[in-house]
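Enquirer: Mind having a look at this structure? Questions to follow.
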Amino acid sequence: MYLGISAYNHESAAAIVSNNGILLDFSREETLSRVKCDRSFPKRSINKLLRDCHCTFDDISKVIFYERPLSSYLHPLVVAAKHFPASRALIANQLRNFTLSSTRVYSDVLSLDSRLQGKLIYCDHHLAHTLNALTYSAKQSNVCSIVVDGFGDRSTASISLIHSPSDVLELWCLQYPCSLGLFYTAITDYLGFAVNEGEYKVMGLAAYGNFSESYSKLFNQLLFWNDSLKTVCCDLKFFNYHISPLISYSELLADSLGPSRNHFETLDPSSAEFQRYADIAFAAQSTLENVLVSIFEYAYSLCQTNHFVFSGGVAMNSASLRRLASLPFVDSIVVPPSPGDAGSSIGAAMYGFIRASLPSAHSSLSLVTPSLFPTRSDQSHQHDALSLLLERHFYRLADDLESSLLLLSRLIREDHIIGIVYGDSETGPRALGHRSLICNGQSHTAVQRLNSLIKKRSLFRPTAPAMKHETAQSHYVLHQELMPVYSSMSATALANSDFAKSLPTTHVDQTARLQIVENGSLLDKILDNLRLYNISIIANSSLNLSGDPTCGDLVDGLMVCARSPLRYLLTDFGLYQKRAD
Amino acid sequence: MKQAALHRELSAFCETAYAEFGSALEMVAAAKSTQSPKLCYGYFMHAKDEYNHAAIFLDILARRSKPFLGHNIRQYRFSPGGLYRKGYISPHGFLIESLPHKNFVSFVYTNELLAKKSFENLLKLVGGPESVDGLLISQIMQDELRHHGHAKEHFLSHYSRKELSVCQFRDTLANKFRRLYDANLKILDRIFAPLYSLIASGAVFILIAIKLTDYQRNNKNLFDISPSSVL
């Protein structure tokens with residue numbers, strides 16, 4: 001078996017792949033530690049994988065780390081040295097935090113168990129992303145891989161041609177510190193959202209923005225594709241991420257755009273500053289999309305293939321995918337359900353499997369597409385321990401799935417909101433129905449309650465709709481190039497019917513980040529029952545409260561009920577209703 | 001009020017929010033670790049209270065930070081990763097994973113009481129128990145006392161009163177040492193920060209000499225790169 005690990009940078013995770021290349025289990029550390037974006041070594045996740053897969057460290061053939069640790073550590077330092085003395089604080093910080101960087105992976109792996117001695121290998125960071133994406137692609141040869149993120153272990157974007165899963169030829173890369181991901185992060189920081197976490201809020205805010213000549217001109221100076229050099233250029237004068245450990249944009253950017261947002265200030269669409277922030281977000285989003293288009297065009301000229309896999313943190317920018325799919329040379333774009341660093345642990349584990357299969361399986365190798373719910377979950381022991389809590393604070397309305405779903409559809413019709421902790425769970429970051437909060441997606445009252453009372457979301461943020469394929473086809477402009485991506489809620493689609501435009505899940509720019517549910521999935525069954533009430537769309541959001549990771553187990557789900565007005569929870573043990581206090 | 005005093009006040013609320021959130025996570029971990037329905041219930045409800053306390057302190061912090069400019073208050077943004085950085089939870093595991101049950105309960109017993117005492121200082125900051133925020137903090141203090149009482153009751157149902165006194169003495173001492181250690185860290189930080197800065201200046205000459213371009217991947221099959229290479 002092959003154990004893939006991602007850690008120390010953004011989101012730690014671990015994945016385990018069997019000797020025949022099947023993803024057996026995957027776990028994000030944040031789900032277990034309850035620390036959002038937990039980047040510590042994923043010890044809990046690794047122990048969980050071993051426990052749930054009934055294996056020991058003896059069964060692990062290789063442990064694969066998702067980047068080259070020294071490269072990852074040295075690159076920012078070498079770049080910072082070129083900007084000395086302005087970068088003194090960052091260099092001092094990096095030196096001081098040497099023991100917190102990924103260079104400690106060897107000792108952390110050995111501290112798990114001495115049987116892992118000699119089993120640790122390293123995979124290029126962008127190769128881990130590529131293999132994660134390729135695992136979800138039906139086509140696995142003659143595919144172009146585009147990886148765009150903040151920073152990996154050497155580059156910030158790359159184009160590779162995949163001849164086969166074991167033959168990945170890198171054709172172009174973008175060197176740090178020029179970075180699309182860090183550009184977007186700097187704007188996220190300026191707009192008062194949390195770095196490496198709030199980027200999706202910038203994307204949501206951009207929809208409220210209007211084209212502004214001045215912002216557009218400025219942003220096109222900050223980051224642009226240089227066609228003669230065939231690379232991305234950025235003006236580092238406007239950024240600090242390469243010289244400061246504290247702030248990612250420079251005073252020059254703040255002087256050019258106006259005062260940055262106080263993150264404690266509520267972002268209300270009716271407030272005076274809202275439009276300025278939205279226009280800035282719009283300009284940032286447009287700039288990002290323009291550069292992505294150029295990268296895809298260049299990738300096509302290099303690879304001459306119409307099939308793309310797209311990964312890295314920037315691939316989470318679901319709004320950009322519509323434009324990329326419209327490019328004339330694109331036949332398909334596959335984005336893995338977890339395109340960021342957490343998902344790259346899957347790619348790392350696949351790397352171990354592929355290497356072990358070489359050279360015998362050089363051309364015949366193919367990777368098995370994992371389920372959308374690969375995280376094994378057995379709640380029975382927790383259910384027993386929670387018996388007193390359930391008895392005192394909850395009613396069990398139904399104890400089998402069929403009757404639970406019947407009741408649940410009636411509750412949805414009555415505009416109630418339902419939490420779900422059911423079966424194995426998603427890779428994240430999107431909740432696809434097993435760790436979700438759902439309600440009637442056609443009811444403004446229900447969606448507003450979900451957003452404001454339970455999630456306490458900013459007013460400008462949209463909620464995603466989930467629906468069957470035929471509903472999506474009738475009411476949205478679907479791109480055939482993105483069909484697999486819709487099942488993991490990774491792309492937006494334009495509403496094209498009055499019905500869809502009037503939905504509370506439709507964003508201000510008439511788009512929705514829709515999920516087309518898989519046949520036979522839990523959401524599919526719920527939608528079957530809702531037909532009776534003419535409800536074909538459910539709003540689907542992750543089951544968590546603001547600032548927390550998505551729920552992992554029954555305790556987490558019940559905690560959301562305890563801490564919020566959420567009253568109903570669908571579990572493996574039936575449908576529960578919270579008693580009135 | 002002077003800026004420095006305002007910042008001290010914001011810092012106090014921010015640190016308390018971290019402490020309460022860290023306690024909530026410890027209690028969630030405890031609820032997940034036990035097979036006893038009674039203990040699971042107790043830990044769960046305790047966690048719920050601690051989450052609630054953290055939310056109250058974050059709300060106070062947000063209200064009091066609004067008049068500031070964005071870049072002046074960056075350090076008070078609550079970031080869950082700060083729980084590790086600031087030492088409110090350990091990257092090596094939760095207390096329930098590392099302490100014997102007896103020590104875990106006595107830890108809760110002692111620290112809930114100490115927390116209640118530290119909130120008395122916060123009460124002064126918000127203008128006493130009659131102010132709006134003071135009422136909220138008073139309620140939190142009541143919660144802490146209740147948790148302290150539950151922990152005591154649970155401890156005494158398994159161990160003797162004498163053992164409780166010994167544990168309380170030990171945990172109070174440990175708490176004082178932690179505070180002393182934290183204060184010393186801040187002093188050491190003041191000493192070491194210029195030293196690291198000096199080392200950084202020296203390291204620049206070495207760093208500039210490093211040529212990472214030798215490790216480019218252009219036109220290479222990425223599977224041809226050695227899997228044992230860290231560069």
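The values are calculated or read from the model by the stated rules, or taken from the named source; none is laboratory data. Model, not experiment: these values are computed from the prediction. Counting neighbours? That spans all protein chains shown, and the Cβs are built from the backbone with ideal geometry, glycine included. All accessible areas refer to the heavy atoms of the entire protein, side chains included, with ligands and DNA or RNA removed. Shrake-Rupley method; radii C 1.70, N 1.55, O 1.52, S 1.80 Å.
Enquirer: Pairs only if they're at least six apart or on different chains, beta carbon under 6 angstrom, first in segment A:38-59 and within 13 Å of chain B (Cβ to nearest Cβ), second among the aromatic types (Phe, Trp, Tyr); list them, first residue then second.
Expert: Partner pairs satisfying both residue conditions: A:Arg39/A:Tyr8.
Enquirer: Answer yes or no as to whether A:Asn93 is surrounded by fewer than 24 Cβ atoms within 10 Å (Cβ to Cβ), at the interface with chain B (Cβ under 9 Å from one of its Cβ atoms) and touching a residue at least 60 places away in the same chain (Cβ under 8 Å).
Expert: In short, yes.
Enquirer: Does segment B:7-22 include one or more residues that are facing chain A (nearest Cβ under 10 Å), under 16 Å from the mean Cα position of the chain (by Cα) and without any contact (Cβ under 8 Å) to a residue 24 or more places away in the chain?
Expert: Scanning segment B:7-22 turns up no residue that is facing chain A (nearest Cβ under 10 Å), under 16 Å from the mean Cα position of the chain (by Cα) and without any contact (Cβ under 8 Å) to a residue 24 or more places away in the chain.
Enquirer: Something else about it: For A:Thr99, which of the numbered conditions (1) open to solvent by less than 10 Å² (accessible area, probe 1.4 Å); (2) more than 9 Å from every other protein chain (Cβ to nearest Cβ); (3) among the hydroxyl-bearing types (Ser, Thr, Tyr); (4) more than 29 Å from A:Ser357 (Cβ to Cβ) fails to hold?
Expert: The number of the failed condition is (1).
Enquirer: Of all the helices (runs of 4 or more DSSP H) wholly in segment B:65-132, which have at least 3 residues that are crowded, with 17+ Cβ neighbours inside 10 Å?
Expert: The qualifying helices (runs of 4 or more DSSP H) are B:82-85, B:101-125.
Enquirer: Here's another thing I want to ask about it. Being farther than 22 Å from B:Phe107 by Cα and either within 9 Å of another protein chain (Cβ to nearest Cβ) or open to solvent by less than 30 Å² (accessible area, probe 1.4 Å) (or both): is that true of B:Asn175 here?
Expert: For B:Asn175, the condition - farther than 22 Å from B:Phe107 by Cα and either within 9 Å of another protein chain (Cβ to nearest Cβ) or open to solvent by less than 30 Å² (accessible area, probe 1.4 Å) (or both) - is not met.
Enquirer: State all residues of segment B:41-59 that are open to solvent by less than 20 Å² (accessible area, probe 1.4 Å), over 17 Å from the mean Cα position of the chain (by Cα) and touching a residue at least 24 places away in the same chain (Cβ under 8 Å); if no residue qualifies, say none.
Expert: Within segment B:41-59, none qualify.
Enquirer: Looking at A:Ser502, A:Ser546, can you tell me which residue is at pLDDT 95 or above, open to solvent by 40 Å² or more (accessible area, probe 1.4 Å) and within 19 Å of A:Arg461 (Cα to Cα)?
Expert: A:Ser502
Enquirer: Here is a list: A:Asp581, A:Asp528, A:Asp524, A:Asp553. Which entry is at pLDDT below 95, over 29 Å from A:Leu205 (Cβ atoms) and out of contact with any Gly (no Cβ under 8 Å at 6 or more places or on another chain)?
Expert: It is A:Asp581.
Enquirer: Scanning for something over 30 Å from A:Asn240 (Cβ atoms), not assigned by TED's automatic domain parsing to the domain that holds A:His75 and not in a strand (DSSP E or B), does segment A:144-162 turn up at least one residue?
Expert: No, segment A:144-162 contains no residue that is over 30 Å from A:Asn240 (Cβ atoms), not assigned by TED's automatic domain parsing to the domain that holds A:His75 and not in a strand (DSSP E or B).
Enquirer: Restricting the search to segment A:380-396, which residues are surrounded by 17 or more Cβ atoms within 10 Å (Cβ to Cβ) and more than 30 Å from the chain's Cα centre (by Cα)?
Expert: Across segment A:380-396, the qualifying residues are A:Ala385, A:Leu386, A:Leu389, A:Leu390, A:His393, A:Phe394.
Enquirer: Answer with yes or no whether B:Leu231 is in a loop (DSSP other than H, G, I, E, B) and in contact (Cβ under 8 Å) with a residue 12 or more places away in the chain.
Expert: It is true that B:Leu231 is in a loop (DSSP other than H, G, I, E, B) and in contact (Cβ under 8 Å) with a residue 12 or more places away in the chain.
Table: residues versus (1) more than 30 Å from B:Cys40 (Cα to Cα); (2) crowded, with 17+ Cβ neighbours inside 10 Å; (3) within 12 Å of chain A (Cβ to nearest Cβ).
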{"residue": "B:Leu156", "(1), (2), (3)": "no, no, no"}
{"residue": "B:Arg161", "(1), (2), (3)": "no, no, no"}
{"residue": "B:Ser165", "(1), (2), (3)": "no, no, no"}
{"residue": "B:Asn184", "(1), (2), (3)": "yes, no, no"}
{"residue": "B:Ile191", "(1), (2), (3)": "yes, no, no"}
{"residue": "B:Gly202", "(1), (2), (3)": "yes, no, yes"}
{"residue": "B:Lys211", "(1), (2), (3)": "yes, no, yes"}
{"residue": "B:Pro227", "(1), (2), (3)": "yes, yes, yes"}
{"residue": "B:Val230", "(1), (2), (3)": "yes, yes, yes"}
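Enquirer: On to the next question. What number of residues in segment A:164-211 are in a helix (DSSP H, G or I) and among the polar types (S, T, N, Q)?
Expert: Count: 2.
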